[in-house]
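Report on the following structure.
The values are calculated or read from the model by the stated rules, or taken from the named source; none is laboratory data. This is a predicted model, so every value here is computed, not measured. Methodologically, a virtual Cβ is constructed for each residue, glycine included, from the backbone with ideal geometry; neighbour enumeration extends over all protein chains shown. Side chains included, ligands, DNA and RNA excluded: accessible areas come from the protein's heavy atoms. Shrake-Rupley method; radii C 1.70, N 1.55, O 1.52, S 1.80 Å.
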Amino acid sequence: MIWLIALLTLSWGLLYFKVSMAKATLIIGLLLSVYLYINGLTSTGKTLWIGFLALFIPLTVPAIRQRLISRWLFMLMKSALPPMSQTEQEALEAGNTWWDAELFSGDPDWKVLQHLPPAHLSDEEQAFIDGPVTTLCSMLNDWDITHNRKDLPKEVWNYIKKHKFCGMIIPKKYGGLEFSDHAHSEIVMKISSRSSTAAVTVMVPNSLGPAKLLLVYGTEQQKNHYLPRLATGAEIPAFALTGPLAGSDAGAIPDTGVVCYEQFAGKEQVLGIRLNWDKRYITLGPVATVLGLAFKLYDPDHLLGDKEYLGITVALIPTNTTGVSIGRRHLPLNSAFQNGPNWGKNVFIPLDWIIGGVAQVGNGWKMLVQCLTTGRAISLPALSVGGAKFACRNTGAYARIRNQFNVPIGEFEGIEEVLARMAGETYILDAARKVTNAALDQGEKPAVISAILKYELTERMRRILNDAMDIQAGSGICLGPKNYLGRLYQVIPVSITVEGANILTRTMMIFGQGAMRCHPFIQQEMAALEENNLKQFDALLFSHIGFFLHNMAASLWLGLTNAFFHTVPGNQNTKRYYQQITRLSSGFALLTDYALLTLGGALKRKERISGRFADALSNLYLCSCVLKYYQDQGNLDDEAPLMHWACQHTLYHAQQALLSLCRNLPLRPIAGLIRTLIFPLGKTIIEPNDLLIRQTARILLSESATRNRLTYGIYTNDNADDATGRIEVAFQAVLAAAPVEAKIRAAQKQKIIAKGNPILLIKEALINNVITEQEVSLLMAADKARLAAIAVDDFSPEEL
Ligand SMILES: Cc1cc2nc3c(=O)[nH]c(=O)nc-3n(C[C@H](O)[C@H](O)[C@H](O)COP(=O)(O)OP(=O)(O)OC[C@H]3O[C@@H](n4cnc5c(N)ncnc54)[C@H](O)[C@@H]3O)c2cc1C
């Protein structure tokens with residue numbers, strides 16, 4: 001028994017410390033030799049030696065291993081390999097991997113994150129934000145835009161063009177602003193805290209669109225012509241991919257281009273493309289001067305080569321080209337950004353209108369997914385953080401201003417819980433935004449992380465705005481110029497739907513792409529299968545098996561010790577969270593291999609399984625960002641409640657996702673065994689407790705550096721006639737009057753004055769010398785500001 005325990009412990013140690021196969025064989029051989037030496041050649045000894053030789057010789061000698069094991073597995077896996085379309089292949093190859101690959105490794109190398117310099121703004125970028133962006137925000141009246149005009153005012157359009165808001169990503173040599181990804185994100189965030197219509201209008205030309213495509217793939221001639229015009233708004237771009245028959249499955253667009261000769265611009269025989277398309281939902285489409293159009297290109301007369309179908313292609317089409325129809329407008333949930341359908345009927349374009357010219361024929365899909373990788377990580381995440389910060393600042397203040405039962409509603413435990421969730425989630429969102437921006441500015445293009453950001457930040461923003469609506473109650477519901485939340489709430493589904501609809505992004509893209517791109521072995525193994533390279537496949541396969549077994553050993557050790565002994569960065573406050581991420585990452589890696597092994601190609605269709613993997617991976621990523629951000633901020637004590645709430649919340653949800661996987665993966669007894677390996681002590685990670693909830697909620701209820709830091713970067717003002725300005729004014733007035741109200745309450749307790757609302761008892765308090773005349777004016781000012789802050793709009797029947 002002792003020898004058996006020694007053998008098992010040794011095997012576990014060899015796996016945990018990733019000892020090579022050759023060394024492991026030697027060490028186990030030595031142990032068995034010692035056993036033989038002490039016990040002599042007993043029948044157990046013989047059995048152990050035979051078992052050892054039978055197992056280890058084939059495993060250690062590659063030639064035998066390939067013949068006896070790998071060859072069969074090679075043939076099995078090759079036949080089971082699911083077919084992959086070209087569009088899937090190109091989508092998988094987009095961008096690169098970064099911290100996501102570390103999380104897939106089961107043992108993230110924290111140096112990768114530690115060495116990332118924090119995102120920062122240059123002086124020029126900061127000046128732009130303090131100057132033109134602030135001015136633009138002050139020009140925006142969301143109610144006027146969304147209700148009265150259903151468009152931005154002319155002077156706002158002109159200001160956007162004049163200050164090159166549409167040219168943030170365009171290099172200076174083409175007349176653009178050439179801002180960093182972080183600056184781009186900060187600008188969109190600030191504008192979105194004032195008007196989502198203006199934010200979307202600015203966002204789209206800087207995200208996936210003609211400028212981005214031209215920058216990466218355009219010919220020099222195209223760049224020289226279009227980029228300066230796009231930078232100054234002389235050209236308004238729109239990107240046209242979606243149509244009635246192709247939404248999420250954008251690769252299925254039925255729009256066609258046929259290579260042919262036609263008369264064009266006074267010339268008789270010009271080689272070009274005859275296009276027919278039907279697009280809808282196109283942002284900026286109704287005002288666009290140039291469309292970035294995606295279509296399928298055919299060459300039936302073989303004018304360009306042998307192939308008939310050349311693939312998805314993207315061209316720039318001036319909207320005044322003969323045959324182009326720019327239709328009417330869609331009305332996307334009462335938001336007023338320009339959006340609509342468009343069509344083309346037998347539109348002829350010369351070949352050099354293709355982005356990148358003939359060289360880029362058929363590369364359209366690759367171009368789109370490559371460009372989407374960075375754009376998706378910037379625009380909608382920035383818009384989401386803008387909305388989240390806006391809701392925290394204003395609804396938090398409202399919860400302090402608004403009294404019910406003679407108490408600010410923010411002090412009720414039920415509201416506190418919701419406020420804590422809003423503040424904690426906003427901290428997560430901002431951390432993820434800033435850390436990802438920092439990575440993008442260092443040249444990373446992490447495709448899986450960009451999908452995580454898009455999905456998680458828009459979903460969490462939706463929850464924050466739902467929470468804000470619940471707290472604002474009637475004042476959030478009654479629309480009008482005073483309502484600062486209703487329009488934002490209405491427009492949420494737009495960000496959920498565009499740039500990869502969220503259900504699809506969660507259940508198909510994040511883990512589907514992650515398992516292929518970030519897994520340390522899968523992509524290379526598939527390449528070896530494709531290339532019929534048995535030798536390479538054998539080496540990869542056995543490293544992969546070692547990786548799987550290592551994760552089994554590591555998960556058990558980290559689970560039993562709760563990762564207490566694992567060396568990680570961090571301080572007293574954060575160290576345990578780093579350790580928990582490592583622990584869950586190990587479990588995640590183990591379950592990934594188990595799912596791949598048991599489900600194989602069928603995993604592609606198991607979207608509920610894939611969705612849970614996405615939840616685990618996303619929460620681990622978000623928690624890593626929170627730790628990195630907290631550290632970059634200087635491990636500030638006053639920010640600790642936010643950091644704790646954010647880490648506990650994300651880790652808890654990562655744990656729940658892994659547990660849910662253990663309950664739903666095939667071969668139940670084995671899945672149960674794996675659950676025991678990963679969670680030997682059960683569910684050890686718990687959600688934030690009541691004390692932490694209170695500490696976190698309180699941040700939104702008083703004026704502090706922490707609150708200002710949490711909501712930093714959005715537009716604020718203290719104009720008492722403005723929708724949010726009146727909230728800022730009332731918040732300050734109510735806080736200034738709070739000590740006076742406390743005095744009255746204390747006097748009430750001592751029975752110096754009667755019980756009741758302090759505002760109604762001012763006279764009595766003054767007569768009894770409980771408060772001074774000066775304090776009376778503070779109370780009166782607070783009451784006036786409070787009434788203005790809680791007021792809602794009403795309309796005559798004619799106005800409605
Ligand atoms: C306001 C707005 C602006 C837009 N701007 C542009 C633009 O500028 N240019 C442009 O080309 N397009 C634009 N779009 C189109 C947008 O990208 C599409 O709406 C989006 O791709 C979804 O397509 P769909 O609306 O047809 O939904 P569908 O594709 O019909 O999807 C319906 C639902 O099914 C889910 N779903 C689909 N496939 C799967 C799957 N395999 N697994 C799980 N769930 C799945 C989706 O997640 C979604 O929840 C815009 C859309 C809107 C609403």
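Quick notes
- Listed values for segment 275-282 are Karplus-derived 3J(HN,Hα) couplings in whole Hz (6.51 cos²θ - 1.76 cosθ + 1.60, θ = phi - 60°), namely 10, 9, 8, 9, 10, 9, 6, 7, and x replaces Gly and Pro.
- Inter-label distance, nm, simple model (7 Å from Cα along the C-beta direction), TRP12/THR567: 2.2
- Whole-number Å³ per residue for the convex hull built on Cα positions in segment 176-320: 140
- Debye intensity ratio I(q)/I(0), log10, segment 578-618, q values 0.17, 0.24, 0.25 Å⁻¹ (C-alpha model): -0.46, -0.80, -0.85
- Placing unit charges on each Cβ (+1 for Lys and Arg, -1 for Asp and Glu) gives the chain a dipole about its Cα centre, and among ALA501, MET84, ASN158 the Cα reaching farthest toward its positive end belongs to MET84.
- Per-peptide average of other Cβ atoms within 10 Å, ordering 511-518, 476-483, 448-455 highest first: 448-455, 511-518, 476-483
- Using the average count of surrounding beta-carbon atoms within 10 Å as a protection proxy, the listed peptides 633-644, 195-206 rank, highest first, as 195-206, 633-644.
- For segment 314-460, the solvent-accessible area with a 1.4 angstrom probe is 28 square angstrom per residue.
- When every Cα-Cα distance of segment 409-484 is counted in 10 angstrom steps from zero, the calculated P(r) takes the values 17, 36, 27, 15, 4 percent.
- Diffusion coefficient, µm² s⁻¹, Stokes-Einstein with Kirkwood Rh over alpha-carbon pairs of segment 234-351 at 4 °C and 1.567 mPa s: 88
- Here the contact order of segment 55-183, divided by its residue count and restricted to Cα pairs under 8 Å and six or more residues apart, works out to 15 percent.
- Here the chain was treated as a single set of alpha-carbon atoms; its pair distances binned every 20 Å from 0 give 14, 40, 31, 12, 3, 0 percent.
- Net charge of the neighbourhood of ARG67, taken over other residues with C-beta under 15 Å away and scored Lys/Arg +1, Asp/Glu -1, is +2.
- Rounded to the nearest 500, the helix-only mean residue ellipticity at 222 nm of the chain stands at -18500 deg cm²/dmol, with each DSSP H run of n ≥ 4 adding -39,500 (n - 2.57).
- Relative intensity of segment 641-791 on a log10 scale, I(q)/I(0) at q = 0.13 Å⁻¹, equals -0.78, per a Debye sum over C-alpha point scatterers of equal strength in the absence of solvent.
- Portion, in percent, of the accessible area of the chain that falls on carbon or sulfur, probe 1.4 Å: 58
- Probe 1.4 Å, accessible area per residue of segment 718-762, Å²: 50
- Note that segment 648-664 has calculated 3J(HN,Hα) couplings of 5, 5, 5, 5, 4, 6, 5, 4, 4, 5, 5, 5, 5, 5, 4, 7, 10 Hz, one per residue in order, obtained from phi through the Karplus relation 6.51 cos²θ - 1.76 cosθ + 1.60 (θ = phi - 60°); glycine and proline are x.
- Think of each Lys and Arg Cβ as +1 and each Asp and Glu Cβ as -1; about the Cα centre, that makes the dipole of segment 550-704 roughly 800 debye.
- Expressed in units of 2.2 N^0.38 Å, where N is the residue count, the Cα radius of gyration of segment 312-422 is 1.83.
- If you look at the Cα atoms of segment 355-401, you get an Rg and a Dmax of 19.6, 63 Å.
- Here's the picture: charge each Lys and Arg Cβ at +1 and each Asp and Glu Cβ at -1 in the chain, and of ALA697, GLY396, ILE326 the one pushed furthest to the positive end of that dipole is ALA697.
- ALA746-ILE767 FRET efficiency (beta carbon distance; Förster radius 22 Å; 0.05 resolution): 0.85
- Packing-based ranking, highest mean first, of 565-576, 685-696 given that Cβ atoms within 10 Å are counted: 685-696, 565-576
- Note that segment 353-363 has calculated 3J(HN,Hα) couplings of 8, 5, 5, x, x, 4, 4, 9, 4, x, 9 Hz, one per residue in order, obtained from phi through the Karplus relation 6.51 cos²θ - 1.76 cosθ + 1.60 (θ = phi - 60°); glycine and proline are x.
- Farthest toward the positive end of the dipole of the chain, out of GLY167, GLY480, SER660, is the Cα of SER660, where the dipole comes from beta carbon charges about the Cα centre.
- Every Cα-Cα pair of segment 64-197 was included, and the share exceeding 21 Å stands at 66 percent.
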